[in-house]
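One structure is given below, encoded as structure tokens.
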Amino acid sequence: LAMESALRHALARNEFTLVYQGKVNLVNGQMSGVEALARWRHPEMGMVSPVEFIPLAENMGLISEIGAWALKAACRQCKSWHELGLPKVRIAVNVSTLQFRESDIPSLVTEALAESGLEPHYLELEITESVLMARVDDVSQVLRDLRAMGVHVSIDDFGTGYSSLSYLKKIPIDALKIDRSFVADIEDGTGDGAEIVSTIIDLAHNLKLRAIAEGVETAEQADFLRSKGCDEIQGYLVSRPVSGEDLISLFDRDL
Ligand code: G
Ligand code: G
Ligand code: MN
Ligand code: NA
């Protein structure tokens, strides 16, 4: 209960912040994008993980407001990296399923892009498979509107939900992000994890989508993913999530 009342005031008290984790292109080794991850810094409770506060925010009817803040803050941060003359990367922002259903996402995105001055093709939204469980026509229309604007969409935590393959073929998306539980199971390339991962990579490519592996922690996992044609990786091997300022130094590092 204490956490609920604190969460109600967290936005107004400026307690949310974003950290950023780079994605690296496995062909050229360059940083290709950055995912924004929300953090709640409470004065007494300390850092509260989004695993805790996102579901709470959904239950309390606060997710759309918090999600809108995250989208706008991420667009502003990305634009400011571009203005510093850093290599231009795309920013990925998580959109919860409830937020996707409750809000007018195309209008919100239009507003965030207009306010920040970020060009639409530098924005990517990460949604999960559960978004796709709604009426196909409604979801498709929102995704088509986003595509028409030039905004990218990827499916996060792919493989843990219930996407129908025929559905995936019909909707305009750009990438599948392979859930980190499968990546963790790659090990030496012989186990179940390895087979699931290479199957998802092939599925993505057959659907003309990029495949991105998340939670990559070891060079062995990265080598396996490269050998299977995975397009991009994200995870502790590349970098932990860091502040907007700390991310700048990652641009010059040899990844
Ligand atoms: O950053 P990491 O600990 O901690 O994130 C945990 C989970 O919280 C992940 O599934 C991530 O997608 C989700 N998450 C992080 N930031 C946001 C956000 O801004 N909005 C939503 N909806 N989910 C987020
Ligand atoms: O669900 P989503 O992919 O958006 O989650 C991102 C979450 O994964 C964040 O909590 C982030 O801190 C965490 N994360 C990022 N890289 C790694 C990694 O290499 N290993 C593990 N175990 N977690 C990671
Ligand atoms: Mn994500
Ligand atoms: Na994920």
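Here is a yes/no grid of residues against (1) farther than 20 Å from residue 203 by Cα; (2) at pLDDT 95 or above:
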position: 108; (1), (2): yes, yes
position: 114; (1), (2): yes, yes
position: 126; (1), (2): no, yes
position: 138; (1), (2): yes, no
position: 149; (1), (2): yes, yes
position: 155; (1), (2): no, yes
>> Whether any residue in the range 214-225 is touching a residue at least 60 places away in the same chain (Cβ under 8 Å) and closer than 20 Å to residue 152 by Cβ is what I want to check.
In response: no
> Can you name every residue in the range 148-160 that is more than 13 Å from ligand 3 (Cβ to nearest atom) and in a loop (DSSP other than H, G, I, E, B)?
Replying inline: 150, 151, 159
> Here are some residues: 143, 125. Which one is hydrophobic (A, V, I, L, M, F, W, C) and away from ligand 1 (no atom under 16 Å from the Cβ)?
Replying inline: 143
> Take the residues of the range 161-186 that are within 18 Å of residue 217 (Cα to Cα) and either within 12 Å of ligand 3 (Cβ to nearest atom) or of a type in the set (Val, Ile, Thr) (or both): which is surrounded by the fewest Cβ atoms within 10 Å (Cβ to Cβ)?
Replying inline: 180
> What number of residues in the range 210-230 are closer than 30 Å to residue 70 by Cα and surrounded by fewer than 21 Cβ atoms within 10 Å (Cβ to Cβ)?
Replying inline: 4
> Got at least one residue in the range 102-116 being of a type in the set (Ser, Thr, Tyr), more than 30 Å from residue 162 (Cβ to Cβ) and buried (at least 17 other Cβ atoms within 10 Å of the Cβ)?
Replying inline: yes
>> Looking at the structure I just gave you, is residue 65 more than 14 Å from the chain's Cα centre (by Cα) and more than 29 Å from residue 134 (Cα to Cα)?
In response: no
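The values are calculated or read from the model by the stated rules, or taken from the named source; none is laboratory data. Predicted model only: the values in this text are computed from it and were never measured. Glycine also receives a Cβ, built like all others from the backbone with ideal geometry; neighbour counts cover every protein chain displayed.
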